[in-house]
Amino acid sequence: MIYISKLFVSLLIILGLISGCSQEKENNNRIEETLQTEEGSFPYPIVKWNNQIYRITSADVESIDKKIGEIENYSTNEELETPDNYSNFYNEGTTLWSIKDIKTADSIAIKAGESYVKASIIK
């Protein structure tokens, strides 16, 4: 009798684990669909300035040089052709800056709150 009840409890535990794993997979799929629907399916945040696409990094910039523009177009809808002064991450009005001693053809800075972050050209 004890053997049968242990077997029954073991089967319930196994079924619970199987059910939990499939539920987790379903939740992950739902999150991925939401991100792709609501935020586009960009592989990373970008800025397009001067007809060049820059990948936004997490690197802080210490020495900015001069203001070179601002984000005029914000959208999370992925498009083949994006307008200039565009970002899928920063809102309209966010300012763009050159970095002291670095060519804008390589990297630019983006004013993010009270600091500046680096965006590097995608080659």
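In table form, for the structure just shown:
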quantity	calculated
Summed residue charge, Cβ within 10 Å of residue 85's Cβ, Lys/Arg positive, Asp/Glu negative	-3
Percent of Cα-Cα distances greater than 13 Å, calculated over the range 53-107	64 percent
Counted charge near residue 54, where neighbours are those whose Cβ lies closer than 10 Å (Asp, Glu -1; Lys, Arg +1)	+2
Distance in nm between pseudo-label sites at residue 78 and residue 105 (7 Å out along the Cβ direction from Cα)	3.0 nm
Gain on full stretching of the segment that runs from residue 13 to residue 59 - 0.36 nm per residue minus C-alpha separation	11.8 nm
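Every number here is computed from the coordinates shown, using simple stated rules; none is lab data. Since this is a predicted model, take the numbers as computed values, not measurements. In this analysis, Cβ positions are derived from the backbone assuming ideal geometry, glycine residues included, and neighbour counts consider all displayed protein chains.
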